1. Taking the stretch 153-162 as the region of interest, how many residues are crowded, with 20+ Cβ neighbours inside 10 Å and assigned to a helix (DSSP H, G or I)?
2. Could you say whether any residue in the stretch 195-203 is surrounded by 15 or more Cβ atoms within 10 Å (Cβ to Cβ), modelled with pLDDT of 80 or more and not charged (D, E, K, R)?
3. Taking only the stretch 30-42 into account, find how many residues are touching a residue at least 24 places away in the same chain (Cβ under 8 Å) and either touching an Asp or Glu at 6+ places or on another chain (Cβ under 6 Å) or part of a helix (DSSP H, G or I) (or both).
4. With the requirement that a residue be hydrophobic (A, V, I, L, M, F, W, C) and either within 30 Å of LEU33 (Cβ to Cβ) or at pLDDT 90 or above (or both), what does the stretch 231-257 give you?
5. Test TRP218 against the criterion of being in contact with a Pro (Cβ under 9 Å, 6 or more places away or on another chain), surrounded by fewer than 16 Cβ atoms within 10 Å (Cβ to Cβ) and at pLDDT 80 or above, and give yes or no.
6. Return the total of residues in the stretch 163-191 being crowded, with 18+ Cβ neighbours inside 10 Å, modelled with pLDDT of 85 or more and among the small types (Gly, Ala, Ser).
7. For residues in the stretch 1-15 being among the aliphatic types (A, V, I, L, M) and part of a helix (DSSP H, G or I), which is farthest from LEU39 (Cα to Cα)?
Amino acid sequence: MALEKSDEVKRLAFDLHERTVKVVHGDSVANLLFLLEPLGFGAMEIGTTEVTSKSHEDDEDLSANDKQERKALFILLVINGTMFLVELGLGLFAQSTGLIADSLDMLADALVYSISLFAVAKVASSKRLAAKTSGWLQMLLAFGALSEVIRRYLIGSEPLSSLMIGVSLLALIANVSCLWIISRHRHGGVHMKASWIFSSNDVVANVGVILAGFLVFWTKANWPDLVIGLIISAIVLRGAFRILRLSASRPLMKSSK
């Protein structure tokens, strides 16, 4: 965000392990260092290379990596969007707050993947506004799931354990597939790491709904379904707060390359 003040910055490539930033730009190095100075992390120039036909290969490689990230995130978006519709419809039919809450979790993740798609290879202040919007939408979804748990608790429900288990198994397969797809990119940028974390949490939520389904079958009561619905709602709400905190914070930059 500090470098957004320069109209000459074309692309940024981050190496978090080495704490370096590669800047493709048409500006002066002195101006870039001036923009980074207020961050207070001692940014310094490591080296400068003019872009020629030969050195342009690095930029082409970065572009290829961006395309791979976009492809992975688009597939994740499609999977989560589809599972949201499936789980929501069957969750309403099965009277399962666990499935309904998990479907809203799928929708929340789809929003996160949409933001991540927008963030790939971009440097724009509008990302913060988009992230805040995603966070507030997730919060609304969490409260919607919580209200459904309360409603089912007050009026009663008879969740179908067989549908809870079956649909959750399908969702588990979908989320494991998401983890496999994103595993090659989980050490990339912050947006890809966030996507990995959310997919990992989804697997835990799916296992919880499956367990709740067996408990509903065993106890012949609806309380396991209500409990798992409450837990998943809390997970979505926590994710919303995390996104809002991240969107309000400024990134740390150690050095410039």
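1. 1
2. yes
3. We begin by selecting, within the stretch 30-42, every residue touching a residue at least 24 places away in the same chain (Cβ under 8 Å); these are 31-33, 35-36, 38-39, 41-42.
Filter once more, so that each one left must be either touching an Asp or Glu at 6+ places or on another chain (Cβ under 6 Å) or part of a helix (DSSP H, G or I) (or both): 31-33, 35-36, 38-39.
The number of residues fulfilling the criteria is 7.
4. Within the stretch 231-257, the first condition is being hydrophobic (A, V, I, L, M, F, W, C), and the residues that meet it are 231-232, 234-237, 240-241, 243-244, 246, 248, 252-253.
Matches in the stretch 231-257: LEU246, ALA248, LEU252, MET253.
5. Details: in contact with a Pro (Cβ under 9 Å, 6 or more places away or on another chain): yes; surrounded by fewer than 16 Cβ atoms within 10 Å (Cβ to Cβ): yes; at pLDDT 80 or above: yes.
Yes: the conditions hold for TRP218.
6. Matching residues across the stretch 163-191 total 3.
7. The initial filter retains those residues of the stretch 1-15 that are among the aliphatic types (A, V, I, L, M), namely 1-3, 9, 12-13.
From the residues that got through so far, the ones that are part of a helix (DSSP H, G or I) too are 2-3.
Working: ALA2: 8, LEU3: 11 Å.
Only one residue tops the list, namely LEU3.
The values are calculated or read from the model by the stated rules, or taken from the named source; none is laboratory data. Quick caveat, the model's predicted, so the values are computed rather than measured. Cβ atoms come from the backbone with ideal geometry, glycine included; neighbour counts cover every protein chain shown.
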